[in-house]
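Working notes, beginning with the structure itself.
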Amino acid sequence: MAITVYGIANCDTVKKARVFLAEQGHEVSFYDFRKQGLERAQIESWLSQQPMDVLLNKRGTSWRKLSDADKDNADTNDLVALMVANPTLIKRPVIERDGVVSVGFSKDVQASFSA
């Protein structure tokens, strides 16, 4: 069962997830969305399984750097467009396994991948 970890290479949580998954014996591929970018369809696919408030990271510096007009806009289409333009607005890591999407690397997520 192949697992894809989406994130940015220098994110500590992404690094921790990749190491953990490898130690559990999982085959992991990594997709750096800062370098490789993301398509709108990919984000919309994630949103079909995870709510916007889980996927969108409003605690990071990328969010704080946005204009007030961008932050105040609660329209999903506009928020997806912002995430396409600024992938670091996405909470990391996003992990796909067999079509199932998880966001972040909480104890619950770790437990779901334990051998």
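Between the residues Val14, Val103, Leu56, the greatest Cα displacement towards the positive end of the dipole of the chain, with unit charges on the Cβ of Lys, Arg, Asp and Glu, is found for Val14.
Counting only DSSP beta bridges whose two residues both lie in the chain, roughly 60 percent are antiparallel. Any chance you could check the Cα centroid distance between the stretch 9-58 and the stretch 87-108 for me, in angstrom? Comparing the Cα centres of the stretch 9-58 and the stretch 87-108, I get a distance of 5 Å. Residues of the stretch 1-45 with amide nitrogen under 20 Å from the 7 Å Cα-to-Cβ point of Arg64? Answer for the stretch 1-45: 8, 10-14. Beyond 23 Å in Cα-Cα separation lie the following of the pairs Lys16/Lys65; Lys65/Lys91; Lys16/Lys107: Lys16/Lys65.
Take every Cα pair under 8 Å in the chain that's 6+ residues apart, average their separations, divide by the length, and report that relative contact order as a whole percent. Walk me through the numbers on the way to the answer.
Working: 145 pairs, mean separation 42.0, N = 115.
It rounds to 36 percent for the chain.
Sorted largest first, the principal axis extents computed over the alpha-carbon atoms of the chain equal 45, 26, 26 Å.
In the stretch 21-115, which GluC sites (Glu not before Pro) fall in coil by DSSP and have 11 or fewer other Cβ atoms within 10 Å?
Working: sites: Glu23, Glu27, Glu39, Glu44, Glu96; in loops: Glu39.
Those satisfying the criteria are Glu39.
Dividing the helix sum by the residues of the chain, where each DSSP H run of 4 or more adds -39500 (n - 2.57), gives a mean residue ellipticity at 222 nm of -11500 deg cm²/dmol.
Each value in this text was obtained by applying a stated rule to the coordinates, not by laboratory testing. Please read these numbers as outputs of a predicted model, since none were measured by experiment. We place every Cβ from the backbone using ideal geometry, glycine too, and count neighbours over all the protein chains shown.
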